[in-house]
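Working notes for the structure below.
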Amino acid sequence: ILADEGIAILEWYTCYHTRSEQCGCIKPKPFFIEKAAGEYGIEPAASFIMGDHPHDVLTGKELGVQGLYLLSGHGLKHLSEVPYEIPVFHTLGEGAEWLLQHSSPGTSLPEMIAAGAAAIRNGELVAFPTETVYGLGADALNADAAARIFIAKQRPLEDPLIVHIAEKEDIEALVTRLPEKAELLIERFWPGPLTLVLPKSPAVPDIITAGGATVAVRMPAHPVALELIRQARKPVAAPSANLFGKTSPTTAAHVAEQLEGRYAVLIDGGASRVGVESTVLSLVDEIPVILRPGGVTREELEAVVGEVTVKGWSERPAAGERITSPGMLPSHYAPATPMVLVDDAAVYADDPEAAIILREPTTRHFAGSIFILGHGGTMAGAAAMLYQTLRLVDRMDFRLIVAERFPDSGIGAAVNDRLERAAAGTQA
């Protein structure tokens with residue numbers, strides 16, 4: 001796919017390949033891109049290539065072509081091999097739409113980031129991509145700006161916000177103490193999907209922490225988010241960019257569906273790669289406590305700091321009890337369609353009005369429609385497609401969504417957490 005002055009040109013070419021010595025697979029040579037550019041007189045540096053294998057976009061990168069990576073086909077399986085500066089998309093249609101709205105590689109996205117940074121400095125709201133989900137951000141040190149987040153999302157004031165930073169040293173102004181375990185975790189997992197809960201400094205407004213004594217801080221891995229924060233020159237408070245309690249957004253289109261008109265700038269950076277929110281880890285006590293499972297697993301955390309406990313469902317805040325961190329409410333992430341989470345979806349095998357969400361393809365017969373998470377065969381792939389799939393199914397005319405529980409290890413714990421609370425949200 002090549003673009004010149006906003007016009008997309010699609011044509012098939014005979015591809016010339018070479019076998020990679022490293023992985024034994026077929027890797028395309030850049031010849032087909034050069035051939036297309038020559039025939040149409042198009043400048044590669046002003047063009048795009050879209051594909052569902054890392055070799056597609058990386059081959060284009062050799063010639064200065066902007067790559068757009070698809071999560072279809074091989075996409076999920078090889079996502080970890082794609083550099084973060086290459087936008088990813090769930091479908092070909094999403095990628096093509098983004099291309100037509102950003103027809104000048106290297107200029108349109110930086111312009112949006114600059115506009116977003118200016119809006120944050122002015123106390124306005126900005127929706128932006130992170131590697132987990134899209135966030136709705138404001139100046140974390142401006143209480144009035146933070147209040148606009150709660151109004152836009154219809155979020156209760158007792159639910160704290162996560163503060164996002166762009167440099168590791170920026171955390172020092174937000175907390176009063178940085179334990180040794182925090183330093184080890186920051187060194188290992190930042191930038192990335194890990195939020196640390198620590199004693200807050202007086203500089204953090206009470207509205208950010210719901211009046212609590214701790215603040216949740218993370219450093220996102222998405223280059224757009226990092227550049228936005230750097231240019232804003234402010235720490236950015238940002239929950240997910242959706243109406244409170246509803247399914248989290250992993251694309252700009254998801255944000256616009258629920259919040260259009262409630263933000264000053266929406267930065268479209270493609271689809272979120274992790275697909276579920278960050279892990280929230282409290283370091284207030286000697287033994288770290290996972291308050292919300294997410295993109296960094298318990299196993300990964302324990303490999304760095306030893307024992308880590310998990311705050312279970314029975315220990316979640318009761319009505320009227322102070323919430324110490326985002327992600328602790330028992331019902332959340334809910335679609336509009338009623339939903340149940342089960343150990344074995346076969347219970348609903350004869351229901352033609354049920355949408356069945358499974359981890360992998362099955363030979364079992366279901367009268368309803370089957371939706372597979374993670375066609376790439378990995379739990380990370382399932383997490384990346386979770387909210388996209390819930391939104392897709394929710395738009396269809398099903399009586400019920402039935403999700404089968406995933407293995408409760410690794411990132412599967414986060415997927416089960418979201419499915420359980422989504423189901424609880426439809427029954428609330």
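The values are calculated or read from the model by the stated rules, or taken from the named source; none is laboratory data. Please read all numbers here as calculations on a predicted model, not as lab measurements. Glycine gets a Cβ as well: all are built from the backbone with ideal geometry, and neighbour counts include every protein chain shown. Note: areas computed on protein heavy atoms with side chains; ligands, DNA, RNA excluded. Shrake-Rupley method; radii C 1.70, N 1.55, O 1.52, S 1.80 Å.
The table below gives the values:
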item	result
Reachable aspartates and glutamates, given that their alpha-carbon falls under 15 Å from the alpha-carbon of Lys61 and they are not under 8 places away in the same chain	Glu34, Glu43, Asp52, Glu81, Glu85
Inter-label distance for Ala173 and Ala115, nm, one decimal - labels placed 7 Å from Cα along Cα-to-Cβ	2.7
Under 15 Å, Cβ to Cβ, from Val133 - net charge with Lys/Arg +1 and Asp/Glu -1	+4
Spacing of the two label points (7 Å from each Cα toward its C-beta) at Val284 and Arg188, in nm	2.3
Fully extended contour minus Cα-Cα distance, from Arg233 to Glu43, at 0.36 nm per residue	64.9 nm
Listed residue pairs exceeding 20 Å between alpha carbons, taken from Lys181/Lys234; Lys200/Lys234; Lys77/Lys311	Lys181/Lys234; Lys77/Lys311
Cα pair distances exceeding 15 angstrom across segment 337-428, given as percent	55
The chain: equivalent-ellipsoid semi-axes (sqrt of 5 x gyration tensor eigenvalues, Cα, Å)	35, 28, 21
Virtual spin-label span in nm between Phe31 and Asp408, 7 Å along Cα→Cβ	5.6
Rg over Rh, two decimals, segment 70-182 (C-alpha only, Kirkwood Rh)	1.03
Theoretical gain in end-to-end length, Leu157 to Glu85 [0.36 nm per residue, Cα-Cα removed]	22.4 nm
Heavy-atom surface of the chain, accessible at 1.4 Å and reported per residue (Å²)	42
Computed over segment 236-310, Kirkwood Rh from alpha-carbon pairs, angstrom	14.4
Portion, in percent, of the accessible area of the chain that falls on carbon or sulfur, probe 1.4 Å	52
Among Thr378, Ile357, Gln427 - extreme Cα towards positive end, dipole of segment 351-428, charges at beta-carbon	Thr378
Positive-pole candidate from Ala238, Val133, Gly212, dipole of the chain, charges at beta carbon	Gly212
Rg(Cα)/(2.2 N^0.38 Å) for segment 188-271, N = residue count	1.20
Measure of compaction for segment 129-268 (Cα Rg per 2.2 N^0.38 Å)	0.99
Euclidean distance of C-alpha centroids, segment 68-141 and segment 351-419, integer Å	25
Difference of contour (0.36 nm per residue) and Cα-Cα distance, Val347 to Ala256	29.1 nm
Helix-only mean residue ellipticity at 222 nm for the chain, each DSSP H run of n ≥ 4 adding -39500 (n - 2.57), per residue, nearest 500	-9000 deg cm²/dmol
Electrostatic dipole magnitude of the chain [Cβ: Lys, Arg +1; Asp, Glu -1; Cα centre; debye, to 20]	460
Stokes-Einstein D in µm²/s, Kirkwood radius over Cα pairs - segment 158-204 at 25 °C with 0.890 mPa s viscosity	215
Sites Ile370 and Phe244 - FRET efficiency at Förster radius 45 Å, r taken between beta-carbons, to 0.05	0.90
